[in-house]
Amino acid sequence: MWDNFPTLLSGLSGSLQITGLALLFGLLIGLLVAPLRMSSRPWLSAPAGVYINVFRNTPPLVQLFWFFYAFPILFDVSFRPFEAAVVTLSLQSSAFFAEVFRAGIQSIERGQWEASKAIGMGYFTMMRRIILPQAVKRMVLAFFERAIELFKTTTLVSTIAFADLLYQATVVTSQTFRPLEVYTVVAAMYILIITAASLGVRRYEMRLARADA
Amino acid sequence: MTLSDPTNDQPPAADRAPRGASGPAARANGAPVLKLEGIHKSFGGSEVLKGIDLEVAAGETVVIIGASGSGKSTLLRCINFLELPDAGRVYLKGESVGTTVSTRRGERLVFKEQELNAMRRHVGMVFQSFNLFPHMTVVQNVMEGLVSVLRLKRDEARTRALRHLEAVGLAEKTEQYPSRLSGGQQQRVAIARALAMEPDVMLFDEATSALDPELVGEVLQVMRDLSLGGMTMVVVTHEMGFAYAAADRVIFIHQGQIHEQGTPEEILKHPKQERTKAFLRGLDHI
Amino acid sequence: MGYQFDFTVLQPYLPTFGRGLLVTFQLAGVCLLLGFTAGLLLALLRSSRIAPLVWPSAVFIEIFRNAPVLVQLVWFYYAFPVLIGATMSAFAAAVLALSLNTAAFSAELFRGGIQSIHRGQWEAGRALGMSNLTLMRRIILPQAIKRMIPPLTNRAIELTKMTALASTIAVPELLYQGRLINAVTFRPIESYTVVAVIYLIILWAGTILVNRLERRLGESD
């Protein structure tokens, strides 16, 4: 059983790679989409709204299948599982990050906006010096929570035969014929990693709350 | 708030005819309705009550005054065991509540939840923040204890509830939800809710402190009438006018101990102890 | 883009989509019911004052919240039968995995809802002489449940999204039927687009309903 551990580890590394890339791209795209969504011009905010709602209100697995099987035919490209996975999860995360960004900014009291305007600050200065510094603190927490969710979602890529941890689990099971041991170990690996990450986030949350008080 | 408020239009309590003969708590065996012996209570490391002895006779209105943090609210909450005393004894109508057990650290009082619940039926409490049940109408609030705790039938409970609501002047508001009532009205509902249980003693924990000034009078009036009607009451308050007019006895608590007690005339007009004088002087500046 | 969309190919398969949708609703419905009930129980255990009840329920909640849903599904379908020495239908495995997952998430929701009730309500009930059970039943829970409805309906939407994962263990829900239809028609674009659109309609409508509900409940506070 333990001889197969390296296989599992290589799967874990696959999962982490996808997580990292999807986080990066998702964040960048989300940062682009969010201002569109918050714009007062309907021809900007409406499409952004549709984009966000489509990716939040469809199951991630459906999105993955669509990008892996449908998209290549539509646009005459070829996607390897890795690429389809990264594209899907980046776009999906971007929708959530856009909402996090929007909620973070809109959660800053009106008074802050009004005070800045009263001094005569321009929009960009106001954002840079007053609004964003306050909003970022709250968004960092949501970012970490989303990152953990994303890592959990990477398990879906096993269904399109990308060699992540869950996929390697099925591979090892088919070789050893011991589903109980293999899947339990893999489940435990996921649980340990995610629990540790969650505890870290919660500790950060408490530190933030104390600083605010 | 000094001694010149609207409730002060009656002669001091000491001059009035003795009350209590028709009070709800009969002195069957001559024992006081409420007796506290050596009550100690600590929170964390600090001791808030440092040995309180108190007796309240049937029909008596006792007013407790003191600075914030002196322990007066804690004392009140020990009477109906919303706070559990660390040491000492509480007697309600002669019966002691709780059992003393000897532990390594000395003697400790232990309480059984059922015993406390049974005892609480005979003690009514009115809170500073009213604590009405927001998901029930006014009359349902007053009926709740009668139905869930005293197990009265709904119609009987409703009749009793309406009677008490009328007595506090809220007969027209019975089907409203608490959020639509003013603070003074809500507090009067809370008083009716406690009275409907027909307790032996009523506890008031700064019942008017959370009210807007113009609403304080209507609640104090209800409390005055209750006191005149012979209810045994223990009142924690800052309203000195009420204390002067309605109390049989005023107790000044300082740092967890009874510093001075006596008639309202004695304590409020002619205090003997320095600290009592200082406290009352401080109030005059409000 | 020289692709010719042809949705008419799917016309004969509309009933198949319908069957899949039905199974999706069945799965979601059963798991919601079981999950919320178990979640309430877990929440009560987790907040009880009896120590030996608290930590096992806390551990259980952590495990089922933190494990990825697909891992739970796969484990209950392939590993669990070996453990108990019996076979399990795909639907049963999916129900087990999704219900326990929902229970763990909703337990935290219930706990938060109960703790959000002002202390004064507890004290007023106790001052009247109420037992803890009566207090919970008559005073605390009725108020808490009103507050918990928005997050609970969000949970329901999340759960509906998760039912799509059951397709990987061959539960014949909507996505599974979509894959089947794709295998027959060789038209992944139409097949998966239709599946996506159906989910989109259901879930977006659900989200709008939740928002409206939230607003209405917020008013009566």
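The values are calculated or read from the model by the stated rules, or taken from the named source; none is laboratory data. Bear in mind that the values here come from a model prediction, so they are computed numbers and not experimental data. Note: ideal-geometry Cβ built from the backbone for every residue, glycine included; neighbour counts use all protein chains shown. Side chains included, ligands, DNA and RNA excluded: accessible areas come from the protein's heavy atoms. Shrake-Rupley method; radii C 1.70, N 1.55, O 1.52, S 1.80 Å.
Take the range C:50-63 and flag every residue that is in a helix (DSSP H, G or I) and either open to solvent by 60 Å² or more (accessible area, probe 1.4 Å) or modelled with pLDDT of 95 or more (or both). Show your work before the answer.
Quick first cut of the range C:50-63, residues in a helix (DSSP H, G or I) only: C:51-63.
Of everything in the range C:50-63, those that are in a helix (DSSP H, G or I) and either open to solvent by 60 Å² or more (accessible area, probe 1.4 Å) or modelled with pLDDT of 95 or more (or both) turn out to be C:ALA51, C:PRO52, C:LEU53, C:TRP55, C:VAL59, C:PHE60, C:ILE63.
Please give the number of the condition A:ILE148 fails out of (1) in contact (Cβ under 8 Å) with a residue 40 or more places away in the chain; (2) open to solvent by 30 Å² or more (accessible area, probe 1.4 Å).
For A:ILE148, the failing item is (2).
Search the range C:164-205 for residues being more than 8 Å from chain A (Cβ to nearest Cβ), within 17 Å of the chain's Cα centre (by Cα) and in contact (Cβ under 8 Å) with a residue 24 or more places away in the chain, and hand back the single one that is nearest to C:CYS31 (Cα to Cα).
C:ALA166
The conditions are (1) out of contact with any His (no Cβ under 9 Å at 6 or more places or on another chain); (2) open to solvent by 10 Å² or more (accessible area, probe 1.4 Å), and B:VAL123 fails exactly one of them. Which is it?
Result: B:VAL123 fails condition (2) only.
Looking at (1) away from every other protein chain (no Cβ under 14 Å); (2) assigned to a loop (DSSP other than H, G, I, E, B), which is the one condition that is false for A:THR58?
Among (1) away from every other protein chain (no Cβ under 14 Å); (2) assigned to a loop (DSSP other than H, G, I, E, B), the lone unmet condition for A:THR58 is (1).
Which of the residues belonging to the range C:206-221 are among the hydrophobic types (A, V, I, L, M, F, W, C) and either at the interface with chain A (Cβ under 9 Å from one of its Cβ atoms) or surrounded by fewer than 16 Cβ atoms within 10 Å (Cβ to Cβ) (or both)?
Pass one, the range C:206-221, residues among the hydrophobic types (A, V, I, L, M, F, W, C): C:208-210, C:213, C:217.
Result: C:ILE208, C:LEU209, C:LEU213, C:LEU217.
Being in a helix (DSSP H, G or I), within 27 Å of the chain's Cα centre (by Cα) and more than 10 Å from every other protein chain (Cβ to nearest Cβ) is the filter here; which residues of the range A:158-184 pass it?
Going residue by residue through the range A:158-184, those that are in a helix (DSSP H, G or I) are A:158-160, A:165-176, A:179-184.
Next cut, within 27 Å of the chain's Cα centre (by Cα) only: A:158-160, A:165-171, A:183-184.
Within the range A:158-184, A:ILE160, A:TYR167, A:GLN168, A:VAL171 qualify.
Would you mind finding the one in A:PHE5, A:PHE68 that is in a helix (DSSP H, G or I) and either in contact with a His (Cβ under 7 Å, 6 or more places away or on another chain) or surrounded by 21 or more Cβ atoms within 10 Å (Cβ to Cβ) (or both)? Give the steps one after another, and end with the answer.
Values: A:PHE5 fails: either in contact with a His (Cβ under 7 Å, 6 or more places away or on another chain) or surrounded by 21 or more Cβ atoms within 10 Å (Cβ to Cβ) (or both).
Going through A:PHE5, A:PHE68 in turn, the sole match is A:PHE68.
Name the residues in the range A:160-186 that are polar (S, T, N, Q), in contact (Cβ under 8 Å) with a residue 24 or more places away in the chain and surrounded by fewer than 22 Cβ atoms within 10 Å (Cβ to Cβ), would you?
First pass over the range A:160-186, keeping only residues polar (S, T, N, Q): A:168, A:170, A:173-176, A:184.
When the remaining residues are screened for being in contact (Cβ under 8 Å) with a residue 24 or more places away in the chain, the result is A:168, A:175-176.
Hits for the range A:160-186 are A:GLN175, A:THR176.
With C:ILE84, C:ILE139, C:ILE145 as the choices, which residue is out of contact with any strand residue (DSSP E or B) (no Cβ under 8 Å at 6 or more places or on another chain), open to solvent by less than 50 Å² (accessible area, probe 1.4 Å) and among the β-branched types (Val, Ile, Thr)?
Values: C:ILE84 fails: open to solvent by less than 50 Å² (accessible area, probe 1.4 Å); C:ILE145 fails: open to solvent by less than 50 Å² (accessible area, probe 1.4 Å).
Only one candidate passes the filter, namely C:ILE139.
Would you mind telling me which numbered condition in (1) closer than 29 Å to B:LEU170 by Cβ; (2) touching a residue at least 12 places away in the same chain (Cβ under 8 Å); (3) facing chain C (nearest Cβ under 9 Å) B:SER148 fails?
Condition not satisfied by B:SER148: (2).
Which residues, counting only those in the range A:185-205, are modelled with pLDDT under 85 and more than 19 Å from the chain's Cα centre (by Cα)?
The answer is none; no residue qualifies.
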